[in-house]
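**Q** Got a structure here, written out as structure tokens. Questions coming.
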Amino acid sequence: MSGFTGPDHYQKFFDPKIYLETYFRLAGDSMGDDLLHFILKNLAQIFNSGNVKGETLIDIGTGPSIHHLLSACNAFKNIIVSDFTDRNREEFQAWLSNKSTIFDWSPILKHVCQLEGGRIPWAEKEDSLRRAVTQVLKCDILKSNPTDPVELGQADCVLSCLCLESVCKDEEDYIAALNNISTLLKPGGHLVLAGALGNTFYTVGAVRFSALPVTDDFIKQSLIAIGYDIISVELFQKPEGCVEDIADFTAHYVLLARKRA
Ligand SMILES: C[S@@+](CC[C@H](N)C(=O)[O-])C[C@H]1O[C@@H](n2cnc3c(N)ncnc32)[C@H](O)[C@@H]1O
């Protein structure tokens, strides 16, 4: 296949079960586990800091995943999730109605509960996320209103993990997508982005998805240019000599920024 695989490729070929089994199973494999621990730890720090909280959080490009929302539900009353593909939204909805059998989230739930001090049992944490999610919407970050035809009010926080670099074919698209998702955020609100740096592809089973190999500097400068202050950026560098055939990222990042009022 040649060219950048865009949103239609996701609609046709993105398999939620294989995606979750490939990237979210704590398997005792140190690289995969370390990377997941990095993301979960940094999101737990951000959402338990007391500084990033409010009524509503909108998650963009949720996929079939819940891991990135587990700490967010401590800080936001309402969580709106969104994704481009029908299958991902159906799978999320199945998890929401407690009917999903495609993935066992309990190891990740237990890990997040431990990170947060072990005060609540993991099943209670899962229920509290279910209670917080109020809408599962179709979304396209390449549209000026990503949730078109639904007009959402501006939220206190916008979160997006591994989405922009997976969907945008070049830097111009990436900046346009940042502007698009930014329309969903109140002035003074927080943007939390997490994802891969230097990545050109990843695979889900036998299917290859393109990625835009962004740098942390590019993301920071783009955000500053469209009206954000950067609060923190944490990096997970891929260990030297580690060759992965399912993705070629050089690092992962978790970034917190604030939209200027
Ligand atoms: C790598 S997955 C990330 C999923 C999830 N956020 C996570 O961290 O596991 C990329 C997601 O972007 C979604 N996506 C593809 N095209 C999109 C678009 N135009 N707008 C919004 N999301 C899109 C895909 O359906 C997929 O769920």
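**Q** Counting other beta carbons within 10 Å of each residue's own, what order do Asp173, Asp34 fall into, fewest first? Each step should come with its number before you reach the end.
**A** Working: Asp173 17, Asp34 13.
Least to most surrounded, the residues fall as Asp34, Asp173.
**Q** Show the residues, 5+ positions off or on another chain, whose built amide H is closer than 5 Å to the amide H of Cys161.
**A** Ile60, Ala194
**Q** Counting other C-beta atoms within 10 Å, and keeping those with at most 14, which DSSP coil GluC sites (Glu not before Pro) do you find in region 135-219? Numbers along the way, then the final one.
**A** Values: sites: Glu151, Glu165, Glu171, Glu172; in loops: Glu151.
The qualifying sites are Glu151.
**Q** Right, something else. May I ask what percent, to the nearest 5, of DSSP beta bridges between residues of the chain are antiparallel?
**A** Antiparallel: roughly 50 percent of the beta bridges in the chain.
**Q** Where the centre of each part is set by its Cα atoms, how far does region 138-216 sit from region 59-108, in angstrom?
**A** Here the two parts' Cα centres lie 17 Å apart.
**Q** Classify region 135-261 as rounded, prolate or oblate from the Cα gyration tensor: take a ≥ b ≥ c as the square roots of its eigenvalues, call it rounded if a/c is under 1.5, otherwise prolate when a/b beats b/c and oblate if not. List each step's numbers first, then the result.
**A** Details: a/c = 2.17, a/b = 1.43, b/c = 1.52.
Since a/c reaches 1.5 but b/c is at least a/b, the shape of region 135-261 is classed as oblate.
**Q** On to the next question. Would you list Ile58, Ile79 from fewest to most Cβ contacts within 10 Å?
**A** If I rank by nearby Cβ atoms, fewest first, I get Ile79, Ile58.
**Q** How fast does region 60-175 diffuse by Stokes-Einstein, in µm²/s, taking the Kirkwood radius from C-alpha pairs at 20 °C and 1.002 mPa s?
**A** Numbers: Rh = 15.2 Å.
After rounding, the answer is 141 µm²/s.
**Q** Can you list residues from other chains, or at least 5 along the same chain, whose modelled amide H is less than 5 Å from the amide H of Ala251?
**A** Those lying under 5 Å, H to H, from Ala251 are Leu197, Lys238.
**Q** Can you put Cys242, Cys157, Cys73 in order, fewest other beta carbons within 10 Å first? Write out the running numbers ahead of the final one.
**A** Details: Cys242 9, Cys157 26, Cys73 22.
Listed from fewest to most nearby Cβ atoms, that is Cys242, Cys73, Cys157.
**Q** Within region 42-135, list the trypsin sites (Lys or Arg not before Pro) lying in a DSSP loop whose Cβ has at most 10 other Cβ atoms in a 10 Å radius. Write out the running numbers ahead of the final one.
**A** Working: sites: Lys53, Lys77, Arg87, Arg89, Lys99, Lys110, Arg119, Lys125, Arg130, Arg131; in loops: Lys53, Lys99, Arg119.
Those that pass, being in a loop and sparsely packed, are Lys99, Arg119.
**Q** Let me ask you something else. Can you work out the FRET efficiency for the pair Gln154 and Ile230, with r the C-beta to C-beta distance and R0 = 22 Å, to the nearest 0.05?
**A** 0.60
**Q** Per residue of region 100-105, what does 6.51 cos²θ - 1.76 cosθ + 1.60 with θ = phi - 60° give for ³J(HN,Hα)? Whole Hz please, x for Gly and Pro, Karplus curve as stated.
**A** 7, 10, 7, 8, 9, 7
**Q** For a quick check: with amide H placed at 1.01 Å from N, whose amide H comes under 5 Å from Gly189's, ignoring anything fewer than 5 positions away on the same chain?
**A** The list, which skips near neighbours in sequence, is Lys259.
**Q** Can you list the HN-Hα couplings for region 115-127, worked out from phi with the Karplus curve (6.51, -1.76, 1.60; θ = phi - 60°), rounded to whole Hz and with x for Gly and Pro?
**A** Listing the rounded values in order: 4, 8, x, x, 7, 10, x, 4, 5, 5, 4, 4, 5 Hz.
**Q** Right, another one. In µm²/s, what is D for region 7-259 at 37 °C and 0.692 mPa s, where D = kT/(6 pi eta Rh) by Stokes-Einstein and Rh is the Kirkwood radius from Cα pairs?
**A** 181
Every number here is computed from the coordinates shown, using simple stated rules; none is lab data. Just so you know, these numbers come straight off a predicted model, no measurement behind them. Neighbour counts are summed over all protein chains in view; Cβ atoms, including those assigned to glycine, are modelled from backbone coordinates with ideal geometry.
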